[in-house]
Number of protein chains: 4
Amino acid sequence: MKALQIAEPGAPEGLALVELRDPAPGPGEVLLRVRAIALNYRDLAMVKGAYPNTPTPLIPFSDACAVVEAVGEGVTRVEPGDRVATLFHQAWLDGPPTAEKLSRPLAQGAPGMGRELLVLSEEGVSKVPEHLTDEQAATLPCAALTAWRVLFEDGGRLAGETVVLEGTGGVSVFGLQFAHAAGLRTIVTSSSDAKLERARALGADYLINYRRTPEWSAEVLRITEGRGAETILEVGGAGTFPEALKAVAVGGKVGVIGMVSGMPNAVDARSLIRSNARLAGVFVGSRAMFEAMGRAIAFRGIEPVVDEVFPWADAAAALRLMERGGHFGKIVLKVG
Amino acid sequence: MKALQIAEPGAPEGLALVELRDPAPGPGEVLLRVRAIALNYRDLAMVKGAYPNTPTPLIPFSDACAVVEAVGEGVTRVEPGDRVATLFHQAWLDGPPTAEKLSRPLAQGAPGMGRELLVLSEEGVSKVPEHLTDEQAATLPCAALTAWRVLFEDGGRLAGETVVLEGTGGVSVFGLQFAHAAGLRTIVTSSSDAKLERARALGADYLINYRRTPEWSAEVLRITEGRGAETILEVGGAGTFPEALKAVAVGGKVGVIGMVSGMPNAVDARSLIRSNARLAGVFVGSRAMFEAMGRAIAFRGIEPVVDEVFPWADAAAALRLMERGGHFGKIVLKVG
Amino acid sequence: MKALQIAEPGAPEGLALVELRDPAPGPGEVLLRVRAIALNYRDLAMVKGAYPNTPTPLIPFSDACAVVEAVGEGVTRVEPGDRVATLFHQAWLDGPPTAEKLSRPLAQGAPGMGRELLVLSEEGVSKVPEHLTDEQAATLPCAALTAWRVLFEDGGRLAGETVVLEGTGGVSVFGLQFAHAAGLRTIVTSSSDAKLERARALGADYLINYRRTPEWSAEVLRITEGRGAETILEVGGAGTFPEALKAVAVGGKVGVIGMVSGMPNAVDARSLIRSNARLAGVFVGSRAMFEAMGRAIAFRGIEPVVDEVFPWADAAAALRLMERGGHFGKIVLKVG
Amino acid sequence: MKALQIAEPGAPEGLALVELRDPAPGPGEVLLRVRAIALNYRDLAMVKGAYPNTPTPLIPFSDACAVVEAVGEGVTRVEPGDRVATLFHQAWLDGPPTAEKLSRPLAQGAPGMGRELLVLSEEGVSKVPEHLTDEQAATLPCAALTAWRVLFEDGGRLAGETVVLEGTGGVSVFGLQFAHAAGLRTIVTSSSDAKLERARALGADYLINYRRTPEWSAEVLRITEGRGAETILEVGGAGTFPEALKAVAVGGKVGVIGMVSGMPNAVDARSLIRSNARLAGVFVGSRAMFEAMGRAIAFRGIEPVVDEVFPWADAAAALRLMERGGHFGKIVLKVG
């Protein structure tokens, strides 16, 4: 089998296909053949060495669509031929998060997905909706689940409530699709009018070009007749945080999502107190959340937006595209 | 001014228009000119004498659309010319229910709506969405708010979750419209294929004719791949309760709504325990819930379904129609 | 090894010790040596044949304290020598309940505890607080966890809120201890003044002898200045349900707990609607809840109340004592 | 009547007693005779000019215990002779916060409490528990309610859960008393061993002198066996925030309380994401919360800790004491 490996963290161009021995599943494990891998900012950060305790050589990537090739003794959740996604938190199956449940994310406490063949616990995979392509299914584990969790996993509401999506990266585009399907009022920000038009086609109710309107919180307040947005998916980091805190409704929620988009590093607590709002740290979600999301995606026929597909041998080019931010939605590698 | 009054509870045909003195608003009060009144089963029960402590003569009805004619000293929430709905619970403005908040429903602790002119506290009315006719706006205080509360006021979720609507009365049709707007999977039951087709046009995903399929819970379980429905609006009473308890998902919720449809009187606690479900008593809702609902209705452009409009002089005929159950959605009286 | 078995459901006196082959743990499994077994009404009902699909011969009982004797390959949650409780729902580890999680309770989908030696999945046991005796630890899986879940697992509050405990069986006595430790106001009902005095010693704030005061809801309303009790642990069944529905506060919760005390069979939905209360079906709880409860018991030094301990050869006498209702708290069998 | 007024913001020594005309209550209003005023950091900040839009001359202070002297037409909530507290948010009666509900805090959108006589809406006062002195009752509106809300108003739990109280100012001491009464595990930090001993006497389970242990989060993790604290009352600002974010449990909550203690100004979002924790901005609470807290205080006989009482003529000395931080619990002014 082949794997996509980098000897030492550094430039993505150091990623190379290497030969590894084929793995075999033990009791309770499944052997997976990886079909497609979706990129997240975390992959780029890991490849470039931003994660100090990364093992070397490093096989990066966490989000994959795979087919079950074989199952070990006692496996009941899946069978050979099933198409599955690999779950980001291999130990967070259900319930609220705990330190233990967060201790084995893929590519850190558990293996990275840059492989043709792979063994995981049967608990660490879930079947994916049938109407999705392999490339679409690969985008679900981090970006979709993060957006889903912020919107729905501690209470959601009908229309009249407003969600702000910052930019048009993977999490934000999923957030737009989910919020629109749930009848929520959606506001999308971007520096590109072309991207804003793509967002409109996915159901965005209001568009803000933050290049022309850098203080976009004022626009959110205007749209919402002064109330602000009940929910904001904060993926933009240091540049957007102050605006998010001004745009959030009294008693509203700002989902703080940094692993996929770079790190914000300061919060104005004065605004937070005045708004009685919540900042909720969001580091992906559980398997139970993933499966609820899967039922929703299947029922509504939601189609994840895959911007561009690269052969996995061109992983460096794909990571560079994400680094430049030229994409809309997700970038995917085709494996094998 | 005229009022629609019955000297003693009894046959609805005893309702007659009488002359009363025009009222005037005191400090903090508003004078309303009633435009339309929507019927609920409670009105019928009250007219027929099912409520022992009803004052006589009785002016029934609770749900109205009215225009503010004048305001008393210190009023700030509305101004003359505003179009409002009358809130069922005059004392439940916000937060969870308490005995005190439930102590002044219209036509019991507070006046009935069967009047051309009426004085209420400014706290007891709320503005209605502009796109609604007077007749549509009159349907919001009980039926719409009850459905809204069951669906959204202790947590809601995206598609993949299932809602069962029993029949096609006022609460159920609003429940269908709200659930559909929120991307939920909807199942409607009825004894009439014609009504089921009207439900489909409003977005019902699955239809069950309970005349042909009396054990409709089996069908709900089939549709949901064995999980059952996360939420059931239980309006049918004794005949439907056993099916509802079999159809609800483990951990799901049955909203028990009796004031509008007759009273269920037995619950199989064994089923309840096995399902770990909740039965939630629902007696309309608060002003804060009403206003959240109003924003949703406005944003989504939801149109309440008014089945038939009667002149208020024909109130008895309207009540008899409701009694026969021949309607779909709401029956409304035009006042004046 | 010995086991406590009944050939066909019937009189408890049919239970007899038989010889079975010693089991051995497979991968992911643990071998347990049972030390003590606590009785629940469900055991009695099962022995007497109230559960139609019970396999025969039947080895009953679900709640045990055991010591890990050996572990199979790959076990990490426990090691030999650990003292554990057996979890009632072997498949409900975390999160909200689902049909699948409820599908393997002990003595039905999973083995009964009436054995000297026993194999379970490592996932199906949890360590118990050190300050407890084996007999005390055996009482935790059903009775304690049920009380804990009703009180704390969908929101709890400080003093000023009121909890009603019906009688002085296992669930109610745990409910009293937990509620008292959490600073809640507690009201205990019983037909025995002697038992009420024992309840006072455990922290009961108010005592009601329901023989002298059959309409005890009026007394609850008096104590709470008309508000009623925010939480009621309903274990008494048909006889107590109507009083519970009158005693619950507007917006309050009645936890419906039947598996341990006989079955209520009718609910007055009219009361439920008026009170806007919730009836919550409660069928024990999850492993995550068990472990949270264990930390609380350890921190507060709570001592489960064991009323009487029988040698397991005298199981029939122990079940007959429970049947007569003469006990206060829990009845336990000492194994081996 | 006399009032405590400052002509222009500046040194607290500018506060002086002046003569004002006696006010009279209008419809729905109450005339109050102020008995005692409790100090908050906000008062000091306001006197010193940290609030730009403060009207001049300024009559500061928000927390008072008063006796109803007379009532206007239509008042039903209180009667002459009732002893009440003045509610900080005059417009936040119930339900979740909104911009409108937060628009009239005392001494900003509504009058300051530095007066012998005062008129407020009847909606803006609540009766206080009988066992409290006037000085104790004056401490409830901000400090007690803030602590109560963080601990209990979006879910609480039994022992085993851990609360961190930073320092021994008013909010923290109330937090300690409430958490202890609810059976929670409490950890108090302080730079003074003498204050830590006073905290122990109020029920603190663990004490940390942050002068000797500046990285106190490590100690919190040790005490909680690595889990961290489920709830932290963050009153310390910039100096403590990084430790709080390290000390909070995965999925836990940091209540951000700045109005009483100075303003934190940076948050490490990286920690927040890793911990999946929530930062909740807390700006006091609603009247409904106040009344729930009052019932708890009455039931448990909780005694607010009043460190020192000054005649109101010595308000400047009292404010200077608070500024130096030498107190434990609350500082109170006796009026008249």
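The values are calculated or read from the model by the stated rules, or taken from the named source; none is laboratory data. Nothing here was measured: the structure is a model prediction, and the numbers come from that model. FYI the Cβ positions are ideal-geometry reconstructions off the backbone, even for glycines, and counts take in every protein chain you see. Remember, those area values only see protein heavy atoms, side chains included, never the ligands or the DNA or RNA. Shrake-Rupley method; radii C 1.70, N 1.55, O 1.52, S 1.80 Å.
Just a few scattered comments:
- If you go through the range C:64-100 and pick out every residue that is part of a loop (DSSP other than H, G, I, E, B) and among the aliphatic types (A, V, I, L, M), you end up with 6.
- Tally of residues being out of contact with any Leu (no Cβ under 9 Å at 6 or more places or on another chain) and open to solvent by 30 Å² or more (accessible area, probe 1.4 Å) across the range B:155-172: 1
- From the list C:Ala85, C:Ala110, the one residue that fits, being at pLDDT 95 or above and hydrophobic (A, V, I, L, M, F, W, C), is C:Ala85.
- Unique residue being modelled with pLDDT of 95 or more and either more than 23 Å from B:Gln90 (Cβ to Cβ) or surrounded by fewer than 24 Cβ atoms within 10 Å (Cβ to Cβ) (or both) when the list is B:Ala249, B:Ala238, B:Ala244: B:Ala249
- Pair list, Cβ under 6 Å, 6 or more apart: the range C:91-115 residue under 22 Å from A:Gly95 (Cα atoms), other residue assigned to a loop (DSSP other than H, G, I, E, B) and open to solvent by 40 Å² or more (accessible area, probe 1.4 Å): C:Ala91/C:Ser103; C:Ala91/C:Arg104; C:Ser103/C:Gly109
- Positions within the range B:89-107 being over 16 Å from B:Phe290 (Cα atoms) and surrounded by fewer than 20 Cβ atoms within 10 Å (Cβ to Cβ), in sequence order: B:Thr98, B:Ala99, B:Glu100, B:Ser103, B:Arg104
- Only one entry in D:Ala194, D:Ala99 is over 14 Å from the mean Cα position of the chain (by Cα), farther than 30 Å from D:Leu31 by Cα and of a type outside the set (Asp, Glu), namely D:Ala194.
- Residue check for B:Glu197: acidic (Asp, Glu) and either at positive phi or free of Cβ contacts under 8 Å to residues at least 24 places away in the same chain (or both): yes
- Of all the numbered requirements in (1) in contact with a Ser or Thr (Cβ under 9 Å, 6 or more places away or on another chain); (2) on the phi > 0 side of the Ramachandran plot; (3) within 14 Å of chain C (Cβ to nearest Cβ), D:Gly167 misses one, and that requirement is (3).
- Taking each residue of the range C:18-34 that is within 13 Å of chain A (Cβ to nearest Cβ) and surrounded by fewer than 17 Cβ atoms within 10 Å (Cβ to Cβ) and looking for partners that are in a strand (DSSP E or B) and at pLDDT 95 or above with beta-carbon atoms closer than 9 Å, six or more apart or interchain, yields C:Gly26/C:Val119.
- Condition check for D:Ala194: farther than 25 Å from D:Val306 by Cβ and either among the aliphatic types (A, V, I, L, M) or modelled with pLDDT of 95 or more (or both): no
- Among the residues of the range B:293-315, those that are in contact with a Gly (Cβ under 8 Å, 6 or more places away or on another chain), touching a residue at least 12 places away in the same chain (Cβ under 8 Å) and open to solvent by 10 Å² or more (accessible area, probe 1.4 Å) comprise B:Gly294, B:Ala298, B:Arg300, B:Val305, B:Val306, B:Asp307, B:Trp312.
- Scanning the range D:70-94 for residues that are touching a Lys or Arg at 6+ places or on another chain (Cβ under 8 Å), closer than 26 Å to D:Lys330 by Cα and not aliphatic (A, V, I, L, M) yields D:Asp82, D:Arg83, D:His89, D:Gln90, D:Trp92.
- Filtering the range C:185-198 to residues that are within 14 Å of another protein chain (Cβ to nearest Cβ) and open to solvent by less than 10 Å² (accessible area, probe 1.4 Å) leaves C:Thr186, C:Ile187.
- Filter result for C:Arg115 (at pLDDT 95 or above, under 19 Å from C:Asn40 (Cα atoms) and open to solvent by 20 Å² or more (accessible area, probe 1.4 Å)): yes
- A:Gly175 being under 24 Å from D:Ala277 (Cα atoms), in contact with a helix residue (DSSP H, G or I) (Cβ under 9 Å, 6 or more places away or on another chain) and open to solvent by less than 10 Å² (accessible area, probe 1.4 Å): yes
- The number of residues in the range D:120-154 that are open to solvent by 30 Å² or more (accessible area, probe 1.4 Å), over 30 Å from A:Leu221 (Cβ atoms) and touching a Gly at 6+ places or on another chain (Cβ under 8 Å) comes to 2.
- Here the condition is being within 28 Å of B:Ala64 (Cα to Cα), open to solvent by 50 Å² or more (accessible area, probe 1.4 Å) and not assigned by TED's automatic domain parsing to the domain that holds B:Arg42; of B:Ala182, B:Ala201, it holds for B:Ala201 alone.
- Checking B:Thr54 against (1) in a loop (DSSP other than H, G, I, E, B); (2) open to solvent by 30 Å² or more (accessible area, probe 1.4 Å); (3) within 18 Å of B:Leu4 (Cα to Cα), the condition it does not meet: (2)
- Picking from residues in the range C:265-323 that are part of a helix (DSSP H, G or I) and among the β-branched types (Val, Ile, Thr), the one that is nearest to the other protein chains (Cβ to nearest Cβ) is C:Ile273.
- Complete set of residues in the range B:103-125 that are within 14 Å of chain D (Cβ to nearest Cβ) and in contact with a helix residue (DSSP H, G or I) (Cβ under 9 Å, 6 or more places away or on another chain): B:Arg104, B:Glu123
- Reported count of residues in the range D:316-336, each being in contact (Cβ under 8 Å) with a residue 24 or more places away in the chain and open to solvent by 40 Å² or more (accessible area, probe 1.4 Å), is 4.
- For C:Ala45: the one exception among (1) modelled with pLDDT of 95 or more; (2) crowded, with 17+ Cβ neighbours inside 10 Å: (1)
- So C:Val67, is it of a type outside the set (Ser, Thr, Tyr) and within 26 Å of A:Pro96 (Cβ to Cβ): no
- Pick from the range D:165-191, criterion within 22 Å of C:Met293 (Cβ to Cβ) and touching a residue at least 60 places away in the same chain (Cβ under 8 Å), ranking: farthest from the chain's Cα centre (by Cα): D:Ala181
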